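Visitor: Sending over a structure as structure tokens; questions will come in a sec.
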Amino acid sequence: MTQQDLLFLVLILIGLSSLTIVVVQMVRSRRGRDDGRSGNWWEGPWDEDDRR
């Protein structure tokens, strides 16, 4: 296996993992809109304490 083959495999793995992360975030944001929480994935339970 040459260095170009390894680079190609690494780039494919990075691309697939990035695509997986994007798809998971889209599915979670669509599903999370109906449960009463804000739909933002960066807002955690620590942000709700300041609103009261």
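Visitor: Please work out how much accessible surface residue 2 shows to a 1.4 Å probe, ignoring ligands, DNA and RNA, in Å² rounded to 10.
Guide: 80
Visitor: In addition: Return the distance in nm (one decimal) between the two label points of a simple spin-label model at residue 1 and residue 31, each offset 7 Å from Cα along Cα→Cβ.
Guide: 3.3
The values are calculated or read from the model by the stated rules, or taken from the named source; none is laboratory data. Computed from a predicted model, the values in this text were never measured in an experiment. For neighbour counting, all protein chains shown are included, and Cβ atoms are generated from backbone atoms with ideal geometry for every residue, glycine included. We work out accessible area using only protein heavy atoms, side chains counted, and drop any ligands, DNA or RNA first. Shrake-Rupley method; radii C 1.70, N 1.55, O 1.52, S 1.80 Å.
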